[in-house]
Amino acid sequence: MSAVLNRIEVLPQSGWTGAEISGVDLRHPLPAEHIEAIRQALHKWKVVYFRDQFLTHAQQIAFGKQFGDVTPGHPYEGDAAPKGHPEIHTVSPQAYTQRYGKSYTRKLSANGPAWHADVTPLINPPAYSILRAEVVPAYSGDTQFTNVAAAYQGLSEPIRRLIDGLRAEHRFGANYNAERSDERIGEWVRNRPLASIHPVVRVHPETGERVIYVNPSFTKHIVGVSPRESRYLLDLLFDQIQQPEYTDRFRWKPGSVAFWDNRAVLHLAPRDFEHLNFERVLHRITLVGDVPVGVDGKPSESISGDPFLAA
Ligand code: SIN
């Protein structure tokens, strides 16, 4: 191992998912060897964590740019991004209420939807997400991650063969009736709907792994089958991605950063701090993603919405 690689340490956090990386200072440009080591860790562990990195918005964006082009904070960001930093998507109950309206947070979660990858209704969902903690609860508020490449491999061969050929519609807001909301989220999803047809099994463009590419937040239904068949198939897959062996749970501290491959891992925001009146403020950026491709080599198709490109 080179002297540089000796200083960076990758410590796995569970059997399939998550590794903590130490020996790097994310405030400054990284040497090529560190960038490569982080990329390799992402390919293997799907999400990596860093501690004690007290980044500004600009430093978080500069860190992200070393791994790809940075998108705007969110396709529905509106005026909720911090001034001067349209790339930042702030995650807090207050930010979600401001962005989407009160009923979004009341009905769903004060802090985001169920298991998901970020914004999969887009034709090119972000490749990577980088989330940093500014204010965290004294306890509670962990984020969970699940490795959907391992979850795919955990299915029996006949089921893998069945789902390899399926496609599904992903639609923003569809699974929590946002279309009927009279608040901002309702107006956005009615006037500027975001929806795409993606393969149910996506081939990861860098590792070549097959991953389960549906999620309970955004996947509306499997196309070309009956509603009942779609429901049972999705229930099976949603149950599979939540099996504990594929998951990891990250405890935030101020200065913590989680960096995940949005094509290979799903995440779940916490709901266990809402009744405690704790503050929790995190900031996310996302990197431009590619159009998913299925096992048959066919790309996804857009139903509505533009590609999500660099800010
Ligand atoms: C997110 O969905 O990006 C936020 C995750 C979290 O709040 O833990």
Check: Of 70, 148, 293, which is the most mobile in a GNM of the chain whose springs link Cα atoms less than 10 angstrom apart?
Finding: 293
Item checked: Where the chain is the region considered: accessible area per residue in Å², 1.4 Å probe -> 43 Å²
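Counting each DSSP H run of 4 or more residues in the chain as -39500 (n - 2.57), what helix-only mean residue ellipticity at 222 nm follows after dividing by all residues, to the nearest 500 deg cm²/dmol?
My calculation for the chain gives -7000 deg cm²/dmol from helical runs alone.
Determine by what factor the alpha-carbon radius of gyration of the chain differs from 2.2 N^0.38 Å, reporting the quotient. Numbers along the way, then the final one.
Details: Rg = 18.6 Å, N = 311, 2.2 N^0.38 = 19.5 Å.
In units of the 2.2 N^0.38 Å rule of thumb, it is 0.95.
First check a/c for the range 165-311, with a ≥ b ≥ c the square roots of the eigenvalues of its C-alpha gyration tensor; if it is under 1.5, answer rounded, and if not, answer prolate when a/b is larger than b/c or oblate otherwise.
On the way: a/c = 1.43, a/b = 1.23, b/c = 1.16.
Judged from the Cα gyration tensor, the range 165-311 comes out rounded (a/c under 1.5).
Give the relative contact order (percent, whole number) for the chain; include only Cα pairs under 8 Å separated by 6+ residues.
Numbers: 704 pairs, mean separation 97.8, N = 311.
This gives 31 percent for the chain.
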Margin query: Tell me which of 241, 178, 31 sits at the most positive position along the dipole axis of the range 11-304, charges placed on C-beta atoms (Lys, Arg +1; Asp, Glu -1).
Written below: 178
Notebook entry, point to check: Probe 1.4 Å, all protein chains in place: accessible area of residue 28 in Å², nearest 10?
Noted result: 100 Å²
Next item on the list: Keeping the other protein chains in place, figure out the carbon and sulfur percent of the accessible area of the range 107-202, with a 1.4 Å probe.
Entry: 49 percent
Notebook entry, point to check: If each of residue 160 and residue 190 carries a label point 7 Å out from its Cα toward its Cβ, how far apart are those two points in nm?
Noted result: 4.6 nm
Next item on the list: Could I have the simple spin-label model distance between residue 39 and residue 52, label points 7 Å from Cα toward Cβ, reported in nm to one decimal?
Entry: 2.9 nm
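The values are calculated or read from the model by the stated rules, or taken from the named source; none is laboratory data. Not measured: the values here are computed from a predicted model. Note that we place each Cβ from the backbone using ideal geometry, even for glycine, and neighbour counts take in every protein chain shown. Remember, those area values only see protein heavy atoms, side chains included, never the ligands or the DNA or RNA. Shrake-Rupley method; radii C 1.70, N 1.55, O 1.52, S 1.80 Å.
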